[in-house]
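Note sheet for the following structure.
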Amino acid sequence: MPIRRLVLDVDMAVSEPSLPQLARAIEDVPGVQAVNVTVTEIDVETIGTDVTIEGDDLDPRAVQRAIEHTGAVVHSTDEVVAGTYTLERTPRKR
Amino acid sequence: MPIRRLVLDVDMAVSEPSLPQLARAIEDVPGVQAVNVTVTEIDVETIGTDVTIEGDDLDPRAVQRAIEHTGAVVHSTDEVVAGTYTLERTPRKR
Amino acid sequence: MPIRRLVLDVDMAVSEPSLPQLARAIEDVPGVQAVNVTVTEIDVETIGTDVTIEGDDLDPRAVQRAIEHTGAVVHSTDEVVAGTYTLERTPRKR
Amino acid sequence: MPIRRLVLDVDMAVSEPSLPQLARAIEDVPGVQAVNVTVTEIDVETIGTDVTIEGDDLDPRAVQRAIEHTGAVVHSTDEVVAGTYTLERTPRKR
Amino acid sequence: MPIRRLVLDVDMAVSEPSLPQLARAIEDVPGVQAVNVTVTEIDVETIGTDVTIEGDDLDPRAVQRAIEHTGAVVHSTDEVVAGTYTLERTPRKR
Amino acid sequence: MPIRRLVLDVDMAVSEPSLPQLARAIEDVPGVQAVNVTVTEIDVETIGTDVTIEGDDLDPRAVQRAIEHTGAVVHSTDEVVAGTYTLERTPRKR
Amino acid sequence: MPIRRLVLDVDMAVSEPSLPQLARAIEDVPGVQAVNVTVTEIDVETIGTDVTIEGDDLDPRAVQRAIEHTGAVVHSTDEVVAGTYTLERTPRKR
């Protein structure tokens with residue numbers, strides 16, 4: 001069953017890439033259908049983002065290579081969804 | 001794949017442009033289908049806004065030029081969505 | 001592309017106009033399809049309201065003139081939506 | 001264009017009218033289609049309520065007279081919606 | 001126009017009735033279509049509940065008699081909805 | 001009219017039953033269509049859970065016997081829904 | 001009636017498995033249709049996750065074996081849903 005969603009914690013320099021450049025680089029990875037890049041923190045020299053990626057069959061390594069090729073850095077993978085449909089997390093209640 | 005949504009942090013002088021003028025200047029950019037300008041802060045001389053723009057194929061540079069042509073200032077790009085559909089951000093849970 | 005929604009910060013005297021009078025005055029402006037007047041503050045002599053107005057092609061100046069003709073005061077425009085559909089704001093995440 | 005919704009701040013004595021009596025008195029006003037009476041405060045002698053009224057063409061004065069005829073008191077009108085559809089308030093973001 | 005919903009603040013002894021007994025007693029009242037009994041407080045000897053009742057034409061007095069016949073006590077009526085449809089409350093914004 | 005939903009506060013030993021065993025024991029009760037067992041507290045020796053059970057015609061006593069047969073303990077019944085449809089609680093606003 | 005959802009509290013070393021490896025190992029268990037692995041905590045050496053698994057007929061032991069085979073550890077089962085449909089928890093109101 002394919003990987004359908006990846007959520008990544010990505011940092012980049014304020015200078016480059018621009019957010020549209022990052023989004024386009026991710027889109028060019030085979031299997032990617034849509035990408036959302038949201039800024040969560042702006043520091044003096046770096047920008048912190050949440051990157052959400054969906055597709056029918058995502059390749060996590062190819063996505064990571066494409067991001068790092070732009071000069072941005074993947075700090076961590078925060079969510080992976082796989083299967084025949086996109087399953088949301090059921091949060092713990094305790 | 002096209003850019004479908006841009007969220008921008010835009011400041012302007014209290015005197016001009018008016019919010020309707022800003023909205024209309026953005027609408028005139030090719031590819032723009034809808035724009036929402038929301039005031040988030042009113043200071044003595046400046047107004048801070050969240051500008052959300054959607055379209056089938058947005059040109060981030062043309063949007064920025066149109067905004068700055070009105071006298072307003074783009075402080076930062078806060079969200080970019082690209083792909084075959086408009087993907088919402090999945091927020092980090094840690 | 002037309003203006004589809006205006007959100008205004010409107011104050012009025014406790015004595016007049018009444019909220020129904022204000023709503024009807026706004027409705028009479030050409031292009032207005034619906035109006036919501038919600039009280040957010042009641043002081044000794046004045047009432048503060050959020051006025052939401054939707055239509056297919058709103059004229060912000062005509063709306064302002066109609067409101068001020070009733071004796072109420074437009075303090076600020078807080079949101080403008082324009083385009084081929086009514087776009088909600090995507091709030092900033094930082 | 002007709003008035004479609006009224007939200008009123010209504011107080012009554014603990015003794016009378018009962019909530020069903022108040023609801024029925026409002027329903028009997030021409031143009032009223034539905035009414036919700038919700039208790040927001042119970043004091044020693046008085047009950048405070050939010051009264052929401054919807055209809056195709058509400059008459060604010062007739063509604064007020066009907067409420068006061070039961071012995072209850074209208075403190076203020078808190079929301080008026082008018083137009084070709086029932087428009088919800090867009091809250092201010094600053 | 002009929003009463004469509006009643007919300008009651010009902011207390012009962014820990015010993016009896018049981019919640020299913022209370023629910024069934026309310027259901028047996030003519031006009032009742034559905035009932036939700038939710039515990040909001042458990043003390044040493046009493047249980048506090050929110051009782052929500054819906055139907056096409058509720059009789060508030062018959063409902064109260066049925067509840068008190070089980071040994072439970074109606075402290076107050078907290079919401080009444082009447083009309084051609086079930087209208088939710090629009091909460092006050094000030 | 002049948003009982004359609006029961007919400008129970010159920011405790012069990014850390015050792016047994018397992019959550020799947022408890023869920024299956026409840027499912028085997030005639031009339032049960034679906035069950036959700038959610039852990040709300042983990043102590044050294046006991047696990048606290050919210051158990052939600054739905055069906056077309058639930059028998060509260062048979063459900064309780066099935067739960068206690070597994071070695072778990074029903075502390076209280078927290079919600080009962082009965083009638084021709086599953087009615088959610090309307091919470092008190094005061 | 002089958003088990004339709006499992007929510008597990010799973011820890012793993014920062015080094016391995018990767019989140020995609022964990023998701024794929026769970027997917028390979030017969031009966032699994034979709035899996036969501038969400039990181040809830042990152043420490044120096046370990047990563048804490050909420051793992052949500054849905055399927056038509058889940059085998060809790062086979063899922064646990066598959067997870068532990070990757071080197072990750074199942075700390076607890078936090079939710080089990082079984083029956084003819086996927087029932088959400090109704091939270092306690094007291």
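Readers should treat all values here as calculations from the given coordinates under stated rules, not as data from a laboratory. In this text the structure is predicted, and so the values were computed from the model without any measurement. Positions of Cβ are generated from backbone atoms using ideal geometry, with glycine treated the same way; all protein chains shown enter the neighbour counts.
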Exercise for the section: Name the residue, out of E:ILE67, E:ILE47, E:ILE26, whose mean-square fluctuation peaks in a Gaussian network model built on chain E with Cα pairs under 10 Å. Expected result: E:ILE47
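Can you pull the mean other chain C-beta count within 10 Å for peptide E:19-30?
Taking all residues of E:19-30 together, the mean is 4.
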Problem - Summed side-chain charge close to B:HIS75 - residues other than B:HIS75 whose Cβ falls under 13 Å, Lys, Arg +1, Asp, Glu -1 - result: -4
Exercise for the section: Return an integer: the convex hull volume of the alpha-carbon atoms of the stretch G:3-82, in Å³ per residue. Expected result: 69
Fill in the blank from the handout: In whole angstrom, the spacing between the Cα centers of the stretch D:23-92 and the stretch A:57-87 equals 53
Fill in the blank from the handout: Partner shielding of B:46-57, taken as the mean number of other chain Cβ atoms within 10 Å, equals 3
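Given DSSP loops and a limit of at most 15 other Cβ atoms within 10 Å, what is the longest stretch of chain F that contains no such GluC sites (Glu not before Pro)? Working shown, then result.
On the way: sites that count: F:GLU45, F:GLU88.
Between exposed loop sites, the widest span is F:1-44.
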Fill in the blank from the handout: Computed, not fitted: 222 nm per-residue ellipticity of the protein assembly as shown from DSSP H runs ≥ 4 (each -39500 (n - 2.57)), nearest 500, equal to -6000 deg cm²/dmol
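Largest first and in whole Å, give the semi-axes of the stretch E:1-47's equivalent ellipsoid, each being the square root of 5 times a Cα gyration tensor eigenvalue.
Rounded to whole Å, the semi-axes are 23, 12, 7.
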Handout entry: Semi-axis lengths, Å, the stretch C:37-80, gyration tensor of Cα atoms, sqrt of 5 times eigenvalues
Key = 21, 13, 8
Fill in the blank from the handout: Filtered hits (lysines, Cα-Cα < 24 Å from C:LYS93, offset >= 8 within chain) -> B:LYS93, D:LYS93
Fill in the blank from the handout: Relative to chain F, whose Cα atoms define the longest principal axis, helix F:60-69 and its Cα axis are tilted in degrees, nearest 10, by 10
Handout entry: Kirkwood hydrodynamic radius (C-alpha pairs) into Stokes-Einstein, the protein assembly as shown, 4 °C and 1.567 mPa s, D in µm²/s
Key = 46
